[in-house]
Amino acid sequence: MLETSARLLKLLSLLQAHREWSGPELSNRLGVTTRTIRNDVERLRSLGYPVHATPGVAGGYRLGAGTALPPLLLDDVAPDVLTTIANAARDHERLRFDYTGHDGTATVREVEPYRLVHRRGRWYLVGYDVGRHDWRTFRVDRLTPRVPSGPRFTPRELPGGGDMAAWVERGVNTAMWRHRGTVLLHAPAEQVSHLPAELEVEPVDERTCLLRLGGEDLTGMAVWVGFLDVDFEVLDPPELARAVLRLSERYRRAAGTRGDAGDDPGDGGRAGAGDGAGGAGGAVSDR
């Protein structure tokens, strides 16, 4: 008989096969009773996996639409670590663990665990970091739990509208950004809804929204925001504001080489946009 941790992973792997399994079929596959299968299904449900059950002789179990994960190979995961995390999330108990960041820095974290998410061949823990007072995503292969678990906690509202897969995907995409910035766009959020998913857009009111972005090069970030063709203010960091100011001065010099180019209404409009960007950069640099 498989240990509980390995059995849960195997059960989840079977349910990901995009088919419906009867209780006896699953019990035969896993070498346990149908009662144990029912209990394991409840454990998966408590972890946020919508396992649907159809009653009757022809009924069975299947994983809810839109929640299928990549097939799991038990040799490629650490069942004991995953089970420790899963149990803490199920019981709403804080989890303390040693964690190694992508830069090699070792820290001890205390986290309220909420979800295990599998993306791009890796397991991630989504939790609320008590010490940093914010939501964080942790790679499971980089953490070592400290037992016993901590005190119980009252569950919080999940970030990202509760779509943990999308939230983790955005975090994975942005984790390696060298620079990050926040810009106030003078446009409603609906106007920039076409932006990539890894860029976070937050409505402020009917006319403005916040854009959180990142990249390897501050000048490139400044140019990219300019492509949006809306007025904006750089809120942070000051380095991004200075990059916008340098660009505005460069564009002004380029426009000045045509002598009377400023008399053209179209060029005059461009210059005004440059003034707005430069002014925002100068103001923000005092923050």
### Task
Report the full-extension gain for the segment Glu93 to Glu42: residue separation times 0.36 nm, less the Cα-Cα distance, to one decimal in nm.
16.5 nm
### Message
Which of rounded, prolate or oblate describes the range 92-251 when judged by the alpha-carbon gyration tensor and an a/c cut-off of 1.5?
### Response
prolate
### Query
About its Cα centre, how strong a charge dipole does the range 101-161 have in debye, to the nearest 20, once Lys and Arg get +1 and Asp and Glu get -1 at the Cβ?
220 debye
### Summary
Here, Arg136 and Asp217, labelled 7 Å along Cα→Cβ, have an inter-label distance in nm of 3.3 nm
### Message
As an exercise, use a Förster radius of 51 Å and the Cβ-Cβ distance of Ala53 and Arg178 to find the FRET efficiency, rounded to the nearest 0.05.
### Response
0.60
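Computed from the coordinates by the stated procedures, all read-outs in this text should not be read as laboratory data. Please read all numbers here as calculations on a predicted model, not as lab measurements. Note that each Cβ is placed from the backbone with ideal geometry, even for glycine, and that neighbours are counted across all protein chains shown.
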